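Right, one structure below, let's go through it.
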Amino acid sequence: MGTAEPQVASTRDVQQPQVTDGFHLVIDALKLNGIDTIFGLPGIPITDLTRKAQAAGLRVISFRHEQNAGYAASIAGFMTQKPGICLTVSAPGFLNGLTALANATTNCFPMILISGSSEREIVDLQQGDYEEMDQLAIAKPLCKAAFRVLHAEDIGVGIARAIRAAVSGRPGGVYLDLPAKLFPQTIDAEAGRKSLIKVVDPAPRQIPAQDAVQRALELLKSAKRPLIVLGKGAAYAQADEEIKSFIEKTGIPYLPMSMAKGLLPDTHPQCASAARSFVLPEADVVLLIGARLNWLLSHGKGKTWGGKSAKEWGGQKFVQVDISPQEADSNVRIDAPVVGDVGSCVSRLLAGIGSNWTKPPAEWLGAVAERKNKNIAKMAETLAKDPTPMNFHSALNVVRDIVKANPDAILVNEGANALDFTRSIVDMYQPRKRLDVGTWGVMGVGMGFSVAAAVVSGQPVIAVEGDSAFGFSGMEVETLCRYNLPVCVVILNNNGVYRGDEVNPTGGRDPAPLVFVKDARYEKLMEAFGGVGVHATTPAELREAMEQAIRSRKPTLINAVIDETAGTESGRITSLNPTAKKK
Ligand code: ADP
């Protein structure tokens with residue numbers, strides 16, 4: 001895009017030259033609001049925007065597919081509480097980014113998808129422009145808010161609105177449509193500078209009403225068998241100290257949802273993860289903090305909760321801390337909703353428990369501890385086995401040790417069995433260190449999340465991937481190598497989706513639909529781009545390769561070959577797949 005480069009300058013430069021343009025206004029508006037990284041994929045009409053952004057000091061991370069850039073932006077948003085920015089080209093690039101935008105909205109991750117778009121006049125008359133698409137209309141139902149900016153002087157407002165929409169209240173995805181014609185528009189540099197908005201207090205605290213706090217405390221005090229469930233909203237809120245104090249002062253057992261693992265170390269004496277199937281049906285009062293009663297919690301009813309049938313409620317009473325007032329009663333009655341941000345709510349609950357709080361009855365704590373210790377001992381036995389070939393347990397026993405030795409490392413995790421086993425076997429020790437498939441159980445987040453986790457934190461990243469899950473974003477190993485990121489990808493390779501031993505029942509030439517190339521050498525993909533590839537067939541080889549990867553901080557892919565008969569259909573969610581093949 002040929003702009004009159006010499007006459008155009010940053011809005012900060014009010015001397016010479018005198019004009020600025022859409023490119024610089026977008027960049028300056030982002031910088032003014034503390035945004036330092038863009039995840040994206042260059043092309044018409046945003047190629048120059050990526051160049052100029054880099055020249056202006058922003059970090060621009062280019063991907064091989066927009067969906068991965070979008071996932072990266074969304075998880076950067078989760079980790080930092082600043083909206084992650086994903087930049088794409090029009091129509092197809094926009095659509096590729098849209099899956100990630102919808103996923104961000106579903107997961108309450110703040111993200112802004114900025115897409116270049118074609119000429120409005122041609123799009124609206126459907127005259128067949130290059131990459132013609134009414135992107136704003138398509139994005140709207142899939143995100144929290146969608147905006148289009150037509151004039152350079154409105155860029156400041158557009159970006160301010162996008163930021164506020166993404167991070168205030170319940171966070172989510174926002175779409176910002178920037179037509180190609182906007183970028184080269186020029187305006188007076190001083191007017192441009194004045195048009196930009198530094199957003200003041202983008203995510204205002206939401207203080208809960210005192211009577212709501214009181215109601216919640218009374219219910220909790222009346223409980224004989226209380227339980228706390230921490231969700232990823234609690235992790236997002238970065239109210240780690242308040243949450244820890246509240247849990248420890250009340251003495252109530254807690255259950256972390258998968259991305260809330262590590263808010264308190266999974267080895268904490270009050271952690272009830274290993275007794276999940278006992279505490280959910282047995283608890284009488286449950287305090288949900290930043291967790292929804294969606295499918296991941298069996299909608300608060302059914303056998304998981306002690307109900308006699310799938311639809312029946314188990315009789316628990318619920319307290320729900322959430323920033324969204326509409327969340328309460330979405331599945332079962334919430335007896336004490338506490339609406340506000342997690343930090344404000346938990347600190348008020350904490351203040352309200354006072355000094356005469358009595359810990360839950362010893363009988364309850366004893367029963368939880370007994371069940372938990374039994375299950376932990378059972379798991380230890382399974383983990384101690386060393387079968388040939390490796391299975392999920394023996395491989396993940398290694399990952400468990402490596403994460404324990406490197407609690408700063410971020411664990412990215414996706415797959416079916418690879419997800420379920422990792423979640424229950426690998427303990428987390430610090431908040432926001434476990435990033436996974438989230439509310440949708442989406443496949444394909446692996447490499448996008450890994451790139452963002454490494455870029456945002458500077459810490460080593462371990463990505464535990466099913467071989468099927470890895471396939472969705474595998475080409476981004478080139479991105480890992482290009483930016484030389486300290487990411488160690490471990491593929492738990494059992495030759496297929498769920499497992500690799502199915503055969504075509506007709507005996508025909510095609511393999512079974514769930515089966516991949518046998519003994520595929522995924523590690524060579526990483527080697528192709530200059531990273532380290534390792535073929536590991538034993539726990540010892542896996543351990544050595546992981547230790548080396550963490551030490552060297554070089555992009556590494558370990559192809560951990562496991563038994564192709566290991567794994568069950570749909571992992572732990574076979575119940576959602578009524579026709580699942582039973583093995
Ligand atoms: P999980 O899958 O871990 O159970 P969910 O994504 O279902 O977690 O739930 C997260 C909840 O946290 C959402 O209902 C969201 O509104 C809420 N939430 C997000 N951020 C905050 C915050 N800062 N304060 C309070 N609630 C929040």
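Using the alpha-carbon centroid of each, what span in Å lies between the range 462-501 and the range 312-390?
The two parts, judged by their Cα centres, are 33 Å apart.
Which far-off residues, 5 or more places away or on another chain, put their amide H under 5 Å from the one on Phe516, with H placed in the peptide plane?
So Phe516 has HN proximity to Gly496, Val497.
Sorted by mean Cβ packing within 10 Å, highest first, what order do the peptides 268-274, 324-330 take?
Going from most to least packed, we get 268-274, 324-330.
Calculate the spin-label point distance for Ala528 paired with Gln214, positioning each point 7 Å from the Cα along the beta-carbon direction, and give it in nanometres.
6.6 nm
Nearest 5 is fine: what % of DSSP beta bridges in the chain come out antiparallel, could you say? Before the final figure, lay out each step's value.
Working: 4 of 72 bridges.
If I count the DSSP bridges inside the chain, around 5 percent turn out antiparallel.
Using label points projected 7 Å from each Cα along Cα→Cβ, tell me how many nm separate Gln548 and Thr358, to one decimal.
Calculated label separation equals 6.0 nm.
Suppose only helical runs count, i.e. DSSP H with n ≥ 4. What mean residue ellipticity at 222 nm does that imply for the chain under -39500 (n - 2.57) per run, divided by all residues and rounded to the nearest 500 deg cm²/dmol?
Roughly -11000 deg cm²/dmol at 222 nm, from the helical runs in the chain.
Say R0 is 35 Å: what FRET efficiency, to the nearest 0.05, do Arg170 and Thr506 get from their beta-carbon distance? Don't skip to the end; give the middle numbers.
Details: r = 50 Å, r/R0 = 1.42.
The value I calculate is 0.10.
Can you give the charge dipole size of the range 210-370 about its Cα centre, rounded to the nearest 20 debye, using +1 on the beta carbon of Lys and Arg and -1 on the beta carbon of Asp and Glu?
400 debye
Could you list log10 I(q)/I(0) for the chain at q = 0.06, 0.07, 0.09 Å⁻¹, which the Debye formula gives when each Cα is one point scatterer?
For the chain at q = 0.06, 0.07, 0.09 Å⁻¹, log10 I(q)/I(0) is -0.33, -0.45, -0.74.
Apply the Karplus parameterisation 6.51 cos²θ - 1.76 cosθ + 1.60, with θ equal to phi minus 60°, to every residue of the range 219-232 and state each ³J(HN,Hα) to the nearest whole Hz, in sequence, with x for glycine and proline.
Each residue's phi maps through the Karplus curve to give 5, 5, 5, 7, 6, 9, 9, x, 8, 10, 10, 9, x, 6 Hz.
Give a residue-ordered list of calculated ³J(HN,Hα) values for the range 308-321 (Karplus: 6.51 cos²θ - 1.76 cosθ + 1.60, θ = phi - 60°; whole Hz; x for Gly, Pro).
Listing the rounded values in order: 7, 10, 4, 9, 7, 7, x, x, 5, 9, 10, 10, 10, 9 Hz.
Which residue, Phe94, Val346, Asn294, has the largest displacement toward the positive end of the dipole of the chain when charges sit on each Cβ (Lys, Arg +1; Asp, Glu -1)?
Val346
Roughly how far apart, in whole Å, are the Cα centres of the range 201-250 and the range 103-119?
So the separation of the two Cα centres works out to 30 Å.
Between Met379 and Ser222, what length comes free when the chain is fully extended (0.36 nm per residue of separation minus the Cα-Cα distance, one decimal in nm)?
Working: separation 157, 0.36 × 157 = 56.52 nm, distance 3.43 nm.
Once the chain is fully extended between Met379 and Ser222, it gains 53.1 nm.
Let's test this: bin the Cα-Cα distances of the range 219-285 at 10 Å from zero up to the farthest pair and state each bin's percent.
All Cα pairs considered, the percentages come to 21, 56, 23.
How large is the dipole of the chain about the Cα centre if only Lys and Arg carry +1 and Asp and Glu carry -1, each at its Cβ, rounded to the nearest 20 debye?
In total the dipole reaches around 1760 debye.
Quick one: which residues, 5 or more positions from Ile46 or on another chain, have an amide H under 5 Å from its amide H? H modelled 1.01 Å from N in the peptide plane, none for Pro or chain starts.
Correct list: empty.
Which Cα, out of Val412, Ile491, Pro387, lies furthest along the positive dipole direction of the range 385-581 (beta carbon charges, K/R +1, D/E -1)?
Val412
Structure shown: which of Lys224/Lys303; Lys140/Lys198; Lys194/Lys232; Lys301/Lys404; Lys232/Lys404 lie over 32 Å apart, alpha-carbon to alpha-carbon?
Lys194/Lys232; Lys301/Lys404
Convert each backbone phi in the range 282-297 into a coupling constant with the Karplus relation 6.51 cos²θ - 1.76 cosθ + 1.60 (shift: θ = phi - 60°), then list the ³J(HN,Hα) values in order as whole Hz, x for Gly and Pro.
8, 4, 9, 10, 10, 9, 8, 10, x, 9, 9, 7, 8, 4, 5, 10
Can you give the three extents of the C-alpha atoms in the range 329-390 along their principal axes, from longest to shortest, in whole Å?
Here the Cα extents, ordered largest to smallest, are 53, 31, 24 Å.
May I ask you to order 221-228, 257-264, 547-554 by the average number of other C-beta atoms within 10 Å around their residues, highest value first?
With the highest mean Cβ count within 10 Å placed first, the list reads 257-264, 221-228, 547-554.
If you take the charge dipole of the chain about its Cα centre, with +1 on Lys and Arg Cβ and -1 on Asp and Glu Cβ, which of Ala328, Gln67, Ile228 is farthest toward its positive end?
Most positive-ward Cα: Ile228.
Using a ≥ b ≥ c from the Cα gyration tensor of the range 210-370 (square roots of the eigenvalues), is it rounded, prolate or oblate, where a/c under 1.5 gives rounded and otherwise the larger of a/b and b/c decides, a/b for prolate?
rounded
Compute the length gained on full extension between Gln238 and Arg205: take 0.36 nm times their separation in residues and subtract their Cα-Cα distance, giving the result in nm to one decimal.
10.6 nm
Work out how much length Ser309 to Asn484 would gain on full extension: take 0.36 nm times their residue separation and subtract the Cα-Cα distance, in nm to one decimal.
Result for the pair: 57.8 nm of gain on full extension.
If you project the alpha carbons of the range 53-182 onto the principal axes, what extent comes out on each, in Å, largest first?
Result, largest extent first: 42, 33, 30 Å.
If the reach is capped at under 17 angstrom between alpha carbons, list the aspartates and glutamates near Lys317, excluding any in the same chain fewer than eight residues apart.
Of all the aspartates and glutamates, those that pass the test against Lys317 - Cα under 17 Å, at least 8 places apart if same chain - are Glu218, Glu282, Asp284, Glu327, Asp329, Asp335.
Computed from the coordinates by the stated procedures, all read-outs in this text should not be read as laboratory data. Everything quoted here is computed from the prediction, not taken from an experiment. Glycine also receives a Cβ, built like all others from the backbone with ideal geometry; neighbour counts cover every protein chain displayed.
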